[in-house]
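Below: the structure, in structure tokens.
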Amino acid sequence: PLERTFLAIKPDGVQRKLVGEIIRRFETKGFTLVGLKILNVSRELAEQHYDVHKERPFFAGLVEFITSGPVVAMVWEGEGVVSSARKIIGATNPLAAEPGTIRGDFGINIGRNLIHGSDAIETAQREIALWFKEEEIANWEPTL
Ligand code: CMP
């Protein structure tokens, strides 16, 4: 079924100039880019986005990091895009992520793991609504 997922290139990915490389991987796989912006994340947005982790010991550091520099927020569409994007991204800990994945190829630090991807369809819906306005999403379908 056609799905949408929310992906965010974190401040480390932007600072390391990996934006193009990361976008290329989802484009060449065949997914459709329907939302894209760069922004400085407010503390409020960061805390809402990571709400499920608020009791974790790393929560404060997580919010600190995601608000430390610009983030590239994206919405991607395609068949099975939620789980496929998670595979392209790789395991949360870049040291455990397979080579060939984004984290496996470019990262070594669990807190600075380059990119976030929604973990389920319902999470994706929540995150897209949190980060994007309806009019910021371009509804289009590839014709080939
Ligand atoms: P993300 O996919 O953005 O979702 C939650 C984030 O918490 C995760 O990526 C990691 O960057 C971060 N995280 C998870 N576990 C730890 C940890 N043990 N220490 C620091 N950060 C963590």
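When the stretch 22-141 is described by a simple charge dipole with +1 on each Lys and Arg Cβ and -1 on each Asp and Glu Cβ, the residue from 100, 32, 59 located farthest towards its positive end is 100.
Listed values for the stretch 98-114 are Karplus-derived 3J(HN,Hα) couplings in whole Hz (6.51 cos²θ - 1.76 cosθ + 1.60, θ = phi - 60°), namely 5, x, x, 8, 4, 5, x, 7, 10, x, 9, 10, 5, x, 10, 9, 6, and x replaces Gly and Pro.
Accessible surface for the stretch 30-117, divided over its residues, is 50 Å² per residue with a 1.4 Å probe. Need the list of aspartates and glutamates near residue 17 for cross-linking: C-alpha distance under 18 angstrom, and skip anything on the same chain fewer than eight residues off. Leaving aside aspartates and glutamates fewer than 8 places away in the same chain, those within reach of residue 17 are 27, 105. The stretch 18-66 and the stretch 113-144 have their alpha-carbon centroids 11 Å apart. In order along the stretch 127-135, phi translates into HN-Hα couplings of 5, 4, 5, 6, 9, 10, 7, 3, 6 Hz, rounded to whole numbers, per the Karplus curve 6.51 cos²θ - 1.76 cosθ + 1.60 with θ = phi - 60° and x for Gly and Pro. Here's how it looks for residue 36: its modeled amide H is under 5 Å from those of 75, which are all 5 or more places away or on a different chain. Computed over the chain, the Cα gyration tensor eigenvalues convert (square root of 5λ each) into semi-axes of 22, 18, 14 Å, ordered from largest to smallest. Counting only protein heavy atoms, what percent of the accessible surface of the stretch 81-140 is carbon or sulfur at a 1.4 Å probe? Using a 1.4 Å probe with all protein chains present, the stretch 81-140 comes out at 53 percent carbon and sulfur.
Rounded to the nearest whole Hz, the Karplus-based 3J(HN,Hα) values (6.51 cos²θ - 1.76 cosθ + 1.60, θ = phi - 60°) of the stretch 45-51 follow the sequence 5, 4, 5, 5, 4, 9, 3, with x at glycine and proline. Pairs of Cα atoms nearer than 8 Å and 6+ residues apart set the relative contact order; for the chain it is 37 percent.
The values are calculated or read from the model by the stated rules, or taken from the named source; none is laboratory data. Keep in mind the model is a prediction, meaning the values are calculated, not measured. When we count neighbours, we look across all protein chains shown, and the Cβ atoms used for this are built from the backbone with ideal geometry, even at glycine. Surface accessibility is based on the protein's heavy atoms, side chains included, excluding ligands, DNA and RNA. Shrake-Rupley method; radii C 1.70, N 1.55, O 1.52, S 1.80 Å.
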